[in-house]
Amino acid sequence: MPERAQTRQADPPRLDVSFIKSAARLDQCPPDEGPEVAFAGRSNAGKSSVLNRLTGSRRTAKVSKQPGRTQLLNFFAVQGTSGRLVDLPGYGYAKAERSAQASWQQSVNDYLSHRESLAGMVLVMDIRHPLQPFDEELIQWAHPSELPVLILLNKADKLKRGAQGKVLSAVRRSVKAYPLIQVQTFSAQTGQGVTELVATLKSWLKDETANEPTSTTEKAG
Ligand SMILES: Nc1nc2c(ncn2[C@@H]2O[C@H](COP(=O)(O)OP(=O)(O)OP(=O)(O)O)[C@@H](O)[C@H]2O)c(=O)[nH]1
Ligand SMILES: [Mg+2]
């Protein structure tokens, strides 16, 4: 009897990334050229864990049980592209010292307002606490600048499939006025959703500068 056809599990998609540098301020960031994708979100939502899942290495970005672990902007080169990923410090950690919060605001605000190479933003949320006030603020901010945003409902492993689907639908409904926002579920722990995430990142990291006039480095102010 012929064996039943087996669906062979393909290797999980990965991105080959290497650490470039950390920056505390905009002027310490790598040159502002080529496409760059930022990972933003509340502290503890799992930004660094998502990055590690993408690379298949636990050591790409630092993960901690203590929120507020990532305090600098951490830049990674994506091999095979001219693009980069940036792990941003998380926002909204209530117990963080005021000065630390202020410095987050300063460095991340500067980054978001001035970074010309920003080609997309992955907005990581805990699927159990989606669309918190600061998430909404970032969405409002990204809209006029026409920045594509992928909302990643992370820690999906914490919910059953049915509950995941409900949150996914509700979040999709609440952002349906924004054509440049996509939403997907994800789990840095199990790898759920990694194929879709890699596909989106690859499309954003395609070097499209060839079609655009060379941008000047001149900046206001
Ligand atoms: N169950 C589960 N836990 C996760 C997942 N992703 C992250 N975590 C856990 O959540 C905690 C925070 O993860 P981090 O990746 O450090 O979060 P972060 O958003 O980078 O946090 P900051 O650097 O403080 O902004 C860690 O204990 C992770 O192990 C996930 O998909 N599932
Ligand atoms: Mg982090």
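Points worth noting:
- Residue 57-residue 199 pseudo-label distance in nm [points 7 Å out on the Cα-to-Cβ vector]: 2.7
- Among the listed pairs 166/206; 47/202; 158/202; 176/206; 62/158; 21/62, a Cα-Cα separation exceeding 24 Å is found for 166/206; 158/202; 176/206.
- Listed peptides 172-182, 119-129, 196-206 appear in the order 119-129, 196-206, 172-182 once ranked by packing, highest mean of other Cβ atoms within 10 Å at the front.
- Farthest toward positive dipole pole in the range 17-200 [+1 Lys/Arg, -1 Asp/Glu at C-beta], among 183, 49, 143: 49
- Residue 128/residue 24 FRET efficiency (R0 35 Å; Cβ-Cβ; nearest 0.05): 0.65
- Neighbourhood charge, 12 Å Cβ-Cβ cut-off, centred on residue 60 and excluding it, Lys, Arg +1 and Asp, Glu -1: +4
- Protection proxy ranking, peptides 26-34, 46-54, average beta carbon neighbours within 10 Å, highest first: 46-54, 26-34
Read-outs: derived from the displayed coordinates by stated rules, not from any lab. Predicted model only: the values in this text are computed from it and were never measured. Quick reminder, even Gly has a Cβ in these numbers, built from the backbone with ideal geometry, and neighbours come from all protein chains shown.
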